[in-house]
Amino acid sequence: MKYFTVSDEVRRALADNVPVVALESTIISHGMPYPQNVQTALNVERIVREKGCVPATVAVIDGVLTVGCGSEQIELLGRTGTAVVKVSRRDLPIVASRGLLGATTVAGTMYACKLAGIEVFATGGIGGAHRHSETTMDISADLDELQRTAVTVVCAGAKSILDIGLTLECLETRGVPVIGFRTDDMPAFYTRESGYKAPYRMDAAKEIANAAAARKDLGLEGGILVVNPIPEEYSMPADYISENIDAAVAEADRLGISGKQLTPFLLERISSLTGGKSLAANIQLVYNNVRLACDIAAELCARRDK
Ligand code: PSU
Ligand code: MN
């Protein structure tokens, strides 16, 4: 394929049944400021290796959808920041044919996982149904990708920049199992609770791997969404974060921000309104998700060994 490549390390790991965990790059270019974005992305790769797995950071480099970016490429994605094209499914053919630098969203990264044969992917938060999406129809392509692409995605729930109730409804309609890890609640990224319940609860990575294997056995297309609450010690006071999120959403409304700009705008506003406190929480929850994704990937490999 002209527009797709997998690094030698990732290719070898997949061939040798070594667990691989995919990582997205919109979180690097659009989700965090430089240089914390690059430090976080490199720390994530180190955590994955310490767990005996192989990291596969995904991005579009000079038009090539690349699975397994190197540290120079991660540095470039972080330093270039929001000037990097944010690449969801619909953007892929454009950035490819134009030879551009692109940061893949959850949807874009899941599609790359499908091409490469990677089954597990860790991120911070997913896109979802925005507030008032019942009229704006701003529902992230991440949800449709979860409907059609067989990847287990580990996240810390959805930020309340979204309407979490509507997001859960959309996931149900699309046939996506949502599994709370060691929780009965649907986490809301910075907080362990959202006021909504998680549809299912599992307490071990092995149980999640079993569900992923059963999904495959039944020929069900689509992925599984694992929602992993932020560790208690890093979670933020619910009132404080929700005031700041409400202020950011009101500002976006006033400025008429919409489309693919909306999520990055809100992420940046929340980070600056909280004076970077939200960034520290964001980084920790990503590490926490990566560790769980490694455990799930290892369980899936162990099943194949038998
Ligand atoms: N939510 C976050 N952090 C992020 C994103 C969402 O808390 O970095 C990024 C992810 O890459 C996600 C994308 O896939 O934003 C969703 O964008 P949109 O809402 O435009 O689909
Ligand atoms: Mn959108």
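Can you find, within the stretch 269-290, the residue that is surrounded by the fewest Cβ atoms within 10 Å (Cβ to Cβ) among those that are among the β-branched types (Val, Ile, Thr) and over 18 Å from residue 238 (Cβ atoms)? Steps first, answer last, please.
Of the stretch 269-290, the ones among the β-branched types (Val, Ile, Thr) are 270, 274, 283, 286, 290.
Imposing the further condition that a residue be over 18 Å from residue 238 (Cβ atoms) reduces the set to 283, 286, 290.
Numbers: 283: 19, 286: 27, 290: 25.
If we take residues in the stretch 269-290 being among the β-branched types (Val, Ile, Thr) and over 18 Å from residue 238 (Cβ atoms), then 283 is surrounded by the fewest Cβ atoms within 10 Å (Cβ to Cβ).
Restricting the search to the stretch 117-154, which residues are of a type in the set (S, T, N, Q), within 23 Å of residue 258 (Cα to Cα) and away from ligand 1 (no atom under 14 Å from the Cβ)?
135
Among the residues of the stretch 69-87, is any closer than 21 Å to residue 228 by Cα, in contact (Cβ under 8 Å) with a residue 12 or more places away in the chain and not aromatic (Phe, Trp, Tyr)?
Filtering the stretch 69-87 for residues closer than 21 Å to residue 228 by Cα gives none.
No; the residues of the stretch 69-87 include none that is closer than 21 Å to residue 228 by Cα, in contact (Cβ under 8 Å) with a residue 12 or more places away in the chain and not aromatic (Phe, Trp, Tyr).
If you take the residues in the stretch 98-115 that are more than 9 Å from ligand 1 (Cβ to nearest atom) and small (Gly, Ala, Ser), which one is farthest from residue 79 (Cα to Cα)?
Among those that are more than 9 Å from ligand 1 (Cβ to nearest atom) and small (Gly, Ala, Ser), it is 112.
Restricting attention to the stretch 225-252, report how many residues are farther than 19 Å from residue 194 by Cβ and within 16 Å of ligand 1 (Cβ to nearest atom).
1
Output the qualifying pairs, or none if there are none: Cβ atoms under 6 angstrom, residues six or more apart or on different chains, first residue in the stretch 105-117 and under 16 Å from residue 10 (Cβ atoms), second residue polar (S, T, N, Q).
Within 6 Å, the pairs are 110/149; 114/149.
Out of curiosity, is residue 252 within 16 Å of ligand 2 (Cβ to nearest atom), touching a Ser or Thr at 6+ places or on another chain (Cβ under 9 Å), part of a helix (DSSP H, G or I) and more than 19 Å from residue 28 (Cα to Cα)?
Numbers: within 16 Å of ligand 2 (Cβ to nearest atom): yes; touching a Ser or Thr at 6+ places or on another chain (Cβ under 9 Å): yes; part of a helix (DSSP H, G or I): yes; more than 19 Å from residue 28 (Cα to Cα): yes.
Against the criterion (within 16 Å of ligand 2 (Cβ to nearest atom), touching a Ser or Thr at 6+ places or on another chain (Cβ under 9 Å), part of a helix (DSSP H, G or I) and more than 19 Å from residue 28 (Cα to Cα)), residue 252 qualifies.
Does residue 259 qualify as being more than 23 Å from residue 140 (Cβ to Cβ), within 16 Å of ligand 1 (Cβ to nearest atom) and out of contact with any Phe, Trp or Tyr (no Cβ under 6 Å at 6 or more places or on another chain)? Give the derivation first.
Numbers: more than 23 Å from residue 140 (Cβ to Cβ): no; within 16 Å of ligand 1 (Cβ to nearest atom): yes; out of contact with any Phe, Trp or Tyr (no Cβ under 6 Å at 6 or more places or on another chain): yes.
It is false that residue 259 is more than 23 Å from residue 140 (Cβ to Cβ), within 16 Å of ligand 1 (Cβ to nearest atom) and out of contact with any Phe, Trp or Tyr (no Cβ under 6 Å at 6 or more places or on another chain).
Only one of 88, 97 is surrounded by fewer than 16 Cβ atoms within 10 Å (Cβ to Cβ) and not aliphatic (A, V, I, L, M); which?
97
Kindly list, by first and then second residue, each pair from a residue in the stretch 238-251 that is surrounded by 13 or more Cβ atoms within 10 Å (Cβ to Cβ) to a residue that is outside any helix (DSSP H, G or I) and among the basic types (Lys, Arg), limited to pairs with Cβ atoms under 8 Å and residues at least 6 apart or on different chains.
245/159; 249/131
Every number in this text was worked out from the coordinates using simple rules, so none of it is lab data. On a predicted model such as this, the values are computed, not experimentally measured, just so you know. No Cβ is skipped: glycine too gets one built from the backbone with ideal geometry, and neighbour counts run over all protein chains shown.
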